[in-house]
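**Student:** Take this structure first; my questions come after.
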There are 2 protein chains.
Amino acid sequence: MKQHAIGIFDSGVGGLTVCHELIRRLPNERFIYLGDTARVPYGTKSPATVTQYALEAATFLQGQGIKLLVVACNTASAVALPELREKLKLPVIGVLEPGARAAVAGGGCRIGVVGTEGTINSGSYERSLRSLAPEATVFSAACPLFVPLAEEGWAEHPVTRDVAGEYLAPLLRKKIDTLVFGCTHYPLLRKAIRSTVGPDIELVDSAASTATEVADLLYSEGLMAGEGEGEQQFFVTDVPTRFRRIGSSFLGAELHVVTQVHIG
Amino acid sequence: MKQHAIGIFDSGVGGLTVCHELIRRLPNERFIYLGDTARVPYGTKSPATVTQYALEAATFLQGQGIKLLVVACNTASAVALPELREKLKLPVIGVLEPGARAAVAGGGCRIGVVGTEGTINSGSYERSLRSLAPEATVFSAACPLFVPLAEEGWAEHPVTRDVAGEYLAPLLRKKIDTLVFGCTHYPLLRKAIRSTVGPDIELVDSAASTATEVADLLYSEGLMAGEGEGEQQFFVTDVPTRFRRIGSSFLGAELHVVTQVHIG
């Protein structure tokens, strides 16, 4: 079981920012990543549809013989986690709870959350943050253009700073002290977001805390891989061309071998 | 057969701009519209995946007893039309050829085309324009942010003008005299695009010429509905909330009844 891979899935390339952190943190592990690029994005779709897609993705990864599933997509983490945990015979870790924990650990008491429409409308971050820090006040904002801007490669484009200015203004008026990136695409926009919010607001993304949670769980369950060269396999549900081209900036490395599979 | 409906499909809301023109032009007809909102967008997906989705959508509409299918999606028109025509026992009209014909009818000889990545990469507009007007020179540009900007309701936002400026600059440098909207979302951005290109460039969208082609075909085949009150039915593959909210500005009318269906 220790030698089994860790499964990671996302609607597309965004989860590669989490994959990057997992590889850095757990260099001996084998990772199998699935991007559901034939049906991306999840952020504009309904909870029922996202849950169905997430179950199909998870079933594919379970069939690959994984020891743990990481849901590296905030929208799926926000709406599908209970059903995934019920249906799979595996530990399942989402990115939302680690993100919320990281925000609270920073000591923030006026916490802003940005994410897709699906994530924000679900109210899952608010619930998670309120249960961890009942004294904190939470403000949230959907930022639908952030994903297409990140995928367009306009991370440092003036347009991205303008869009960030517009989306974040209502949160800044609320005097937030912490801003949670509730979408795995947003770390690519960190510079534009930082220049919009100024130097004093704590920016939190869930990749590092998700990696910590995965490491802790592997350790406590005795599932950590032994010494050795880790490896990664990448699967997508549409042809790999665009995933390979766009994904490398999310992973921080070239994506050499990407295989198309049919799921669902 | 005359009383049968006209089927229209698109990946989501964009085709409602074509539906609007069809209703205006053919007020006695019954229309059945399907938006594949569970898998939208098509513009970033591969020809094989788009073709599969288009066949599933067309099969659903054929099952509703339609007399004619309008593919109100440029990406699907660009990549899936031959297979749709082969597999369906119905006349099939896409938006791409009518758009190309309208551009050529305007007398343009330096024609710019803007569209999704899928439409532009297919080269279908270039082929269609070259066959209609071998003397014309065609320049094209993918504009991936236009669809999310239109769906965000930022049609007249300064950011949209900045994005249009950046995407259209290479075409303006080529001294185009005509610009074809190779995506059914783009008519919503007409003002921002007009202010970017100035008053002298002919802007062509395929809705009107598609409606003309549909009317001509109904007439020549003796399929035109008799006098009477036309009506419309709207189906989507995800829950209707977002389609209803965003779609009304595309249709130019409220979307009261929208029904979710499962296809594929």
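The values are calculated or read from the model by the stated rules, or taken from the named source; none is laboratory data. From a predicted model like this one, the values you see are computed outputs, not experimental measurements. FYI the Cβ positions are ideal-geometry reconstructions off the backbone, even for glycines, and counts take in every protein chain you see. Side chains are part of the model used for accessible areas, which takes the heavy atoms of the whole protein and leaves out ligands, DNA and RNA. Shrake-Rupley method; radii C 1.70, N 1.55, O 1.52, S 1.80 Å.
**Student:** Taking the alpha-carbon distance from B:K87 and a cut-off under 16 Å, which aspartates and glutamates remain once sequence neighbours fewer than 8 residues away in the same chain are dropped?
**Tutor:** Once the sequence-local aspartates and glutamates are set aside, what remains near B:K87 is B:E56.
**Student:** Using a 10 Å cut-off on Cβ to Cβ distances, tally the other chain neighbours for every residue of B:32-43 and report the average as a whole number.
**Tutor:** That works out to 2 on average.
**Student:** Between the range A:69-132 and the range B:79-97, what's the alpha-carbon centroid distance in Å?
**Tutor:** Taking the Cα centre of the range B:79-97 as reference, the centre of the range A:69-132 is 44 Å away.
**Student:** Tally Lys/Arg at +1 and Asp/Glu at -1 over every other residue whose Cβ is under 11 Å from the Cβ of B:S128; what's the total?
**Tutor:** +1
**Student:** Could you sort the peptides B:147-155, A:158-166 by per-residue average Cβ neighbour count (10 Å cutoff), highest mean leading?
**Tutor:** In descending order of packing, they fall as B:147-155, A:158-166.
**Student:** Can you give the accessible area buried between chains B and A, summed over both chains, with a 1.4 Å probe, in Å² to the nearest 100?
**Tutor:** Chains B and A together bury roughly 2200 Å² of accessible area.
**Student:** Something else about it: Based on the alpha-carbon gyration tensor of the range B:140-264 and its eigenvalue square roots a ≥ b ≥ c, which shape applies: rounded if a/c is under 1.5, prolate if not and a/b is larger than b/c, or oblate?
**Tutor:** Verdict is oblate for the range B:140-264.
**Student:** For chain A, set up a GNM with springs between Cα atoms under 10 Å and report which of A:R173, A:R194, A:R30 has the largest fluctuation.
**Tutor:** It is A:R173.
**Student:** Relative contact order of chain A: what whole-number percent is it, with Cα pairs under 8 angstrom and at least 6 residues apart?
**Tutor:** 28
**Student:** Measure nothing fancy, just the Cα-based angle from helix B:16-25's long axis to the longest principal axis of chain B, in degrees from 0 to 90, nearest 10.
**Tutor:** Tilt of helix B:16-25: around 70 degrees.
**Student:** Run the label-point distances for B:T241 please: 7 Å along Cα to Cβ, every other copy, nanometres, shortest first.
**Tutor:** So the label point of B:T241 gives 3.6 nm to the other copies.
**Student:** What accessible area per residue comes out for chain A, rounded to a whole number of Å², with a 1.4 Å probe?
**Tutor:** In whole numbers, chain A has 39 Å² accessible per residue.
**Student:** Right, something else. What shape does the range B:13-155 have by the C-alpha gyration tensor, where a ≥ b ≥ c are the square roots of the eigenvalues, rounded means a/c under 1.5, and otherwise prolate means a/b greater than b/c and oblate the rest?
**Tutor:** Because its axes are fairly even, with a/c under 1.5, the range B:13-155 counts as rounded.
**Student:** Right, here's the next one. Using label points projected 7 Å from each Cα along Cα→Cβ, tell me how many nm separate B:E56 and B:L172, to one decimal.
**Tutor:** Each label point lies 7 Å from its Cα, and together they span 4.1 nm.
**Student:** Heads up, I need the accessible area for A:R24: 1.4 angstrom probe, whole protein in place, Å², nearest 10.
**Tutor:** 150
**Student:** Output the relative contact order of the range A:138-264, whole-number percent, from Cα pairs under 8 angstrom with separation of 6+ residues.
**Tutor:** With pairs under 8 Å counted, the relative contact order is 21 percent.
**Student:** Hey, for B:Q62 with labels 7 Å out along Cα-Cβ, what do the inter-copy distances come to in nm, ordered shortest first?
**Tutor:** In nanometres, ordered from closest: 3.5.
**Student:** Let me ask something else. Is the range A:97-206 best put as rounded, prolate or oblate by its Cα gyration tensor, with a ≥ b ≥ c the root eigenvalues, rounded for a/c under 1.5, and otherwise prolate when a/b is larger than b/c, oblate when not?
**Tutor:** prolate
**Student:** Could you give each residue of the range B:88-94 its phi-based ³J(HN,Hα) in whole Hz, using Karplus coefficients 6.51, -1.76, 1.60 with θ = phi - 60°, and x for Gly or Pro?
**Tutor:** Once rounded to whole Hz, the list reads 9, 9, 8, x, 10, 10, x.
**Student:** Next question, about the same structure. Which angle between 0 and 90 degrees, to the nearest 10, do you get for helix B:158-173 versus the longest principal axis of chain B when only C-alpha atoms count?
**Tutor:** The helix B:158-173 is inclined about 70 degrees to chain B.
**Student:** Which one, B:T59, B:T241, B:T212, has the greatest fluctuation when you compute a Gaussian network model over chain B with C-alpha springs under 10 angstrom?
**Tutor:** Ranking B:T59, B:T241, B:T212 by mean-square fluctuation puts B:T241 first.
**Student:** Where does each of B:196-206, B:252-262, A:45-55 land if you order them by average Cβ count within 10 Å, highest first?
**Tutor:** Descending mean neighbour count gives A:45-55, B:196-206, B:252-262.
**Student:** Distances in nm, one decimal, shortest first, from A:R190 to the same residue in every other copy, taking the label point 7 angstrom along Cα→Cβ.
**Tutor:** Copy-to-copy label distances for A:R190: 4.5 nm.
**Student:** Also: Rank A:V18, A:V95, A:V79 by mean-square fluctuation in a GNM of chain A with C-alpha springs under 10 angstrom and give only the top-ranked residue.
**Tutor:** A:V79
**Student:** Between the alpha-carbon centers of the range A:51-66 and the range A:224-247, tell me the distance in whole angstrom.
**Tutor:** 16
**Student:** Which whole number gives the average count of other chain Cβ atoms within 10 Å of the Cβ atoms across peptide A:48-56?
**Tutor:** So the per-residue partner count for this stretch is 2.
**Student:** Could you look at chain A and say what percent of its accessible area is carbon and sulfur, using a 1.4 Å probe and all protein chains?
**Tutor:** Within chain A, the accessible surface is 51 percent carbon and sulfur.
**Student:** Related question: Could you work out how far helix B:74-87 tilts from the main Cα principal axis of chain B, as a 0 to 90 degree angle to the nearest 10?
**Tutor:** 40
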